[in-house]
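The values are calculated or read from the model by the stated rules, or taken from the named source; none is laboratory data. Computed from a predicted structure; not experimentally measured. Positions of Cβ are generated from backbone atoms using ideal geometry, with glycine treated the same way; all protein chains shown enter the neighbour counts. These accessible areas exclude ligands, DNA and RNA; they are computed on the full protein's heavy atoms, side chains included. Shrake-Rupley method; radii C 1.70, N 1.55, O 1.52, S 1.80 Å.
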Amino acid sequence: MASRQMLQSLLPSARMKHVARSHLFLHPKAGLRRNKFWKETMQSDVLVFDFQDGCPPGMRSTVAEGLGLAHITYPNMKLSVRVAELERDETHESGSTILDELSVSMKQKQVYWIMLPMCDSVDDVKEYINMINYIDPSWLTQHGGLQIICETPLGLKNLQDILGNHKEIKGVIAGGGDYFRFAQCENNLLLPQFRWDVLNACLCHGVVPIDTPPLAVGLECGLAERHFQSAHDSGFRSGLLLHPLQTKIANNIFSPCPDKVEEYKEEIYPWLEKRQTGYKLNSGNDFVGPPHMKQKHWYLKHHDNIRGKATTHIESVDDTVLSRVPVLLSKAKSMNGGFEGGEDTNATEFLNTLVMISLSTTCHPRHNDLIANLGFSNVKVSPNKSYRDARYVSSQIIGRRLTSSGYVIVTTKVQILDESHQTLCELERRLVERKLEFDEYDNADEGMYSHLSEDLKNHKRMTVQRVKYMIDQSTLIESKSIKSVSTGIHYQYCDLLHLDAPLHHVEEPTVPSTLHLSHHALDDCENLSFKNITFHAPMKSGVEYIATTYVVRDMEVEEDDDSTWHLSVLRDGGGKIFSSALFQASV
């Protein structure tokens, strides 16, 4: 079908589609620890570990070690691994070099693609596939996919056959460096033709084309920007990078232009409703036909695919936020006899955790699309770490699910980081967001990423019925009347954290999640760790509530841990539950 030959907007693996504008090759030692370019590295869509040309002699074990640590160094990032070419494979008693590299790669669940170099034929790819299936016959069907580098004359000649015979291939890299080495020519002469040959083969088979990298950093001289722009103008929406500082440039160029998005939105509705075409009114002689409008429609879909799915956002912590948020939280608590507000507030564990959680809510690029915050889970503050050391907030989408009402539940992993990018606090956050207009259904309802733990993938929201059941099985240890925060503090807090979601700015605004949580009576808790925080109903300002705390006797909660669990519940005078928090602590 002709429609299947449209440029692919997202790079698939076996089960999911991914934003993949930038593929950054990592230094052999990069996986061992978070280095000074960690922030820029994390903003690349795909990270590439390299056992081939980028791996100097004697460094294969270092690359393998870094790959094994990738879930710590680069949490939740999508990874690709380039293995050695078949000509360099060396056999040994238990297998071969490539088998070793594949085995290490496939053990790391964040690896979604194996990158195959120097493939001349269908049989070359088949040989790699046989090795992958020998290790795990389900990997290519249940988890990952292949990328091949088209970098030899025979590989280019046979590319159509290779793609036609191996549906496991999800992306093709235009390997300009080696191809032009074989051809002994200047790449600026034949690069347009080479790109076109790769692009056309990819279009024929529904595979994502990925451009060759610029061979110099090229930031100040503009070489990198010109290279990526040239690739974009040639039809590519993805490219290889050799330096982390190129990430921002590549992502910007391979993303739709915001001004064009607004322009195209105005033009697309008459086309979608009435298939309206012809000469543009008052334009002189501009003709708009079906090809133009279909291209604009694709452009809008591509924009919403990126906006809805771009997985990693990292923001710096504003010093003003860091100094003022504890003061506002303290003022909210002091209204009900909690810790007193002030610039020199000594942070209790609860206040320290509250500030960390509040910072997590700032790293969201789509506040205007936010419908509700369902809650947080697995809130872990590193021992002896203070919010005062926070310098960055990293937020990553790890799952999306479409609801029956047409909204999207988005699960994000958030980390609060210090100056050296070490984790101070981590948590999961679940939001209800408006579905973007041109976000395609299967992308919005993709579920949780397959590299996640079973506990995360099987997360079940704490329902009101579940809370009531736990209360019946628990022992009450404290009950306290409280009054919710004033509208003055509410608006100061929203302004400070730039919380622009409409629900915070209506006639009776909803109190933001962290301010809501601050009303729980947990000021005297030590060794505090939240398993689940759920917001069951919106809190309003200036309303009376009751905060109760229980020791949980529910064996379903305690079976995985010998520690004592507690449940804190916030409800109104009529018994309606507004929020619950399941936690471990010394009370």
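How much of Val381 can a 1.4 Å solvent probe reach, expressed as accessible area in Å² and rounded to 10?
It works out to around 40 Å².
At 7 Å along Cα-to-Cβ for each site, give me the label-to-label distance between Ala537 and Glu90 in nm.
Placing both labels 7 Å beyond Cα along the Cβ direction yields 7.0 nm.
What is the stretch 432-587's relative contact order, in percent, from Cα pairs under 8 angstrom and six or more apart in sequence? Walk me through the intermediate numbers first.
On the way: 231 pairs, mean separation 41.7, N = 156.
This gives 27 percent for the stretch 432-587.
First select every other residue whose beta carbon is under 13 angstrom from the beta carbon of Leu496; then total the charges, Lys and Arg +1, Asp and Glu -1. Mind showing how you got there, number by number?
Numbers: positive: Arg324, Lys331; negative: Asp318, Asp319, Asp495, Asp500.
Residues near Leu496 contribute -2 overall.
What do you reckon, how do Met42, Met106 stack up by accessible area (1.4 Å probe), largest on top? Each step should come with its number before you reach the end.
Values: Met42 0, Met106 25 Å².
Most to least solvent-accessible, the answer reads Met106, Met42.
On the protein heavy atoms, probe 1.4 angstrom, tell me the percent of accessible surface of the chain carried by carbon and sulfur. Before the final figure, lay out the partial values.
Details: 12520 of 26040 Å².
Heavy-atom surface of the chain belonging to carbon and sulfur, 1.4 Å probe: 48 percent.
Go through Glu40, Glu186, Glu151 and list them by solvent-accessible area, largest first, probe radius 1.4 Å. Intermediate values should be presented prior to the final figure.
Working: Glu40 55, Glu186 120, Glu151 5 Å².
Largest to smallest exposure gives the sequence Glu186, Glu40, Glu151.
Can you grab the distance from the C-alpha centre of the stretch 364-431 to the C-alpha centre of the stretch 450-522, Å, no decimals?
Cα centroid of the stretch 364-431 versus Cα centroid of the stretch 450-522: 14 Å apart.
If I ignore ligands, DNA and RNA and count only protein heavy atoms, how much of Leu476 is accessible to a 1.4 Å probe, in Å² to the nearest 10?
For Leu476, the solvent-accessible surface is approximately 100 Å².
Given the whole protein assembly as supplied and a 1.4 Å probe, what does the accessible area of Asp233 come to in Å², nearest 10?
The accessible area of Asp233 comes to roughly 110 Å².
Using θ = phi - 60° and the Karplus relation 6.51 cos²θ - 1.76 cosθ + 1.60, list the HN-Hα couplings for the stretch 239-254 in order, rounded to whole Hz, with x at every Gly or Pro.
Listing the rounded values in order: x, 8, 10, 10, 8, x, 6, 7, 4, 4, 4, 4, 4, 5, 6, 7 Hz.
Within 14 Å, Cβ to Cβ, of Phe578, how many net charges do the neighbouring residues add up to if Lys/Arg are +1 and Asp/Glu are -1?
Details: positive: Lys468, Lys483, Lys540, Arg571, Lys576; negative: Glu544, Asp572.
Net charge around Phe578: +3.
If each of Glu437 and His71 carries a label point 7 Å out from its Cα toward its Cβ, how far apart are those two points in nm?
Label-label distance for Glu437 and His71, simple model: 4.1 nm.
Go ahead and estimate [θ] at 222 nm for the chain from helices alone: -39,500 (n - 2.57) per DSSP H run with n ≥ 4, summed, over the residue count, rounded to 500.
Details: 22 runs with 206 residues, N = 587.
For the chain, the value works out to -10000 deg cm²/dmol.
Give the peptides 152-158, 3-9 in descending order of average Cβ contacts within 10 Å, highest first. Display every interim value, and only then the final one.
Values: 152-158: 17.7, 3-9: 14.6.
My ranking of the peptides, most packed first, is 152-158, 3-9.
How would Thr475, Thr91 line up by accessible area, probe 1.4 Å, largest first?
On the way: Thr475 65, Thr91 120 Å².
Largest to smallest exposure gives the sequence Thr91, Thr475.
Using the Cβ atoms and a cut-off under 13 Å, what net charge is assigned to the surroundings of Leu427, where Lys and Arg are +1 and Asp and Glu are -1?
Values: positive: Lys380, Lys413, Arg429, Arg430, Lys531; negative: Glu426, Glu428.
Spelling it out: positives minus negatives among the neighbours equals +3.
How big is the gap, in Å, between the Cα center of the stretch 105-184 and the Cα center of the stretch 1-73?
15 Å
So if I restrict to the alpha-carbon atoms in the stretch 466-587, what is the Rg, and what is Dmax, the biggest pairwise distance, in Å?
Expressed in Å, the Cα Rg and Dmax of the stretch 466-587 come to 15.3, 47.
Among the listed pairs Lys248/Lys460; Lys29/Lys167; Lys460/Lys480, give every one whose C-alpha distance is greater than 31 Å. Mind dumping the intermediate values first?
Numbers: Lys248/Lys460 36 Å; Lys29/Lys167 33 Å; Lys460/Lys480 29 Å.
In this structure, Lys248/Lys460; Lys29/Lys167 lie more than 31 Å apart at Cα.
If I compute log10 I(q)/I(0) by the Debye sum over Cα atoms at q = 0.08, 0.11, 0.12 Å⁻¹ from the structure I just sent, which labelled value in (i) -0.52, -0.99, -1.17; (ii) -0.71, -1.12, -1.26; (iii) -0.63, -1.07, -1.20 lines up?
(iii)
Please work out the average accessible area per residue across the chain, using the 1.4 Å probe convention, and give it in Å². Walk me through the numbers on the way to the answer.
On the way: 26040 Å² over 587 residues.
That works out to 44 Å² for each residue.
Going by amide H atoms built from the backbone, whose H comes under 5 Å of the H on Ile149, apart from near neighbours?
The answer is Leu116, Met118, Cys119, Ile173.
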